[in-house]
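See structure below.
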């Protein structure tokens, strides 16, 4: 993974930068994220409205329509974000991780948790780190999550790897209103 750029390399797009026929893309992202603003990451991605549409659609599935429960989704986001050095997503999601896991998410210690949490986060670390995944782990996860859950987990890992690359290359700045929280050691 490339190092996180020290400053944002592209300016934010604005809704008014979108041709009128594509403004629904901007509106849909803001609406589905239940925000009153466009986050920096998506605003920069908006420099290519159709890329924003495609990437946001995958994110919409993995965040709100996947077979994974909300707590596990937030821990997956943080585990992958830490593994790839994505401070933007980490800072946006660490406060959504259940309190009892906040200090261990992203560390080897959390992998001792019972299924599906421990094995799922182990898979996140291995995949995000470019390591091999053995059949036993996949068998355990299939038993714990089912086929749809296992597919959703791997898609979610890939989605947050994509966002990690995007944020690192473009140096996406965390909004001032979002608290900065260091990665877990």
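We did not get these values from a lab; they are worked out from the coordinates using the rules stated. Quantities reported herein were computed from a predicted structural model and do not represent experimental measurements. Note: ideal-geometry Cβ built from the backbone for every residue, glycine included; neighbour counts use all protein chains shown.
Farther than 25 Å from residue 102 by Cα, touching a residue at least 60 places away in the same chain (Cβ under 8 Å) and surrounded by 14 or more Cβ atoms within 10 Å (Cβ to Cβ): does that describe residue 169?
In short, yes.
Quickly run through the range 35-56 and pick out the residues that are closer than 18 Å to residue 165 by Cα, exposed (fewer than 15 other Cβ atoms within 10 Å of the Cβ) and under 19 Å from the mean Cα position of the chain (by Cα).
Scanning the range 35-56 gives 51, 54.
In the range 109-120, which residues are within 19 Å of residue 160 (Cα to Cα) and without any contact (Cβ under 8 Å) to a residue 12 or more places away in the chain?
118
Of all residues in the range 17-34, how many are surrounded by fewer than 14 Cβ atoms within 10 Å (Cβ to Cβ) and within 24 Å of residue 168 (Cβ to Cβ)?
The total comes to 0.
Return only the number of the condition from (1) under 17 Å from residue 156 (Cβ atoms); (2) touching a residue at least 24 places away in the same chain (Cβ under 8 Å); (3) in contact with a helix residue (DSSP H, G or I) (Cβ under 7 Å, 6 or more places away or on another chain); (4) surrounded by fewer than 22 Cβ atoms within 10 Å (Cβ to Cβ) that residue 104 does not satisfy.
Result: residue 104 passes all but (1).
Only residues that are outside any helix (DSSP H, G or I) and under 17 Å from residue 89 (Cβ atoms): list them for the range 47-68, please.
Residues satisfying the conditions are 66, 68.
Looking only at the range 121-150, how many residues end up being touching a residue at least 24 places away in the same chain (Cβ under 8 Å) and in contact with a helix residue (DSSP H, G or I) (Cβ under 9 Å, 6 or more places away or on another chain)?
The qualifying residues number 12.
Out of the residues in the range 83-116 that are under 10 Å from the mean Cα position of the chain (by Cα) and assigned to a helix (DSSP H, G or I), state the one that is nearest to residue 178 (Cα to Cα).
Filtering first and then ranking leaves 92.
Any idea which residue in the range 1-16 is surrounded by the most Cβ atoms within 10 Å (Cβ to Cβ), counting only those that are under 17 Å from residue 172 (Cβ atoms) and more than 20 Å from the chain's Cα centre (by Cα)?
By that ranking, first place goes to 13.
Which of (1) part of a helix (DSSP H, G or I); (2) surrounded by fewer than 17 Cβ atoms within 10 Å (Cβ to Cβ); (3) touching a residue at least 60 places away in the same chain (Cβ under 8 Å); (4) on the phi < 0 side of the Ramachandran plot does residue 178 not meet, given it meets every other one?
In the conditions (1) part of a helix (DSSP H, G or I); (2) surrounded by fewer than 17 Cβ atoms within 10 Å (Cβ to Cβ); (3) touching a residue at least 60 places away in the same chain (Cβ under 8 Å); (4) on the phi < 0 side of the Ramachandran plot, residue 178 misses (1) alone.
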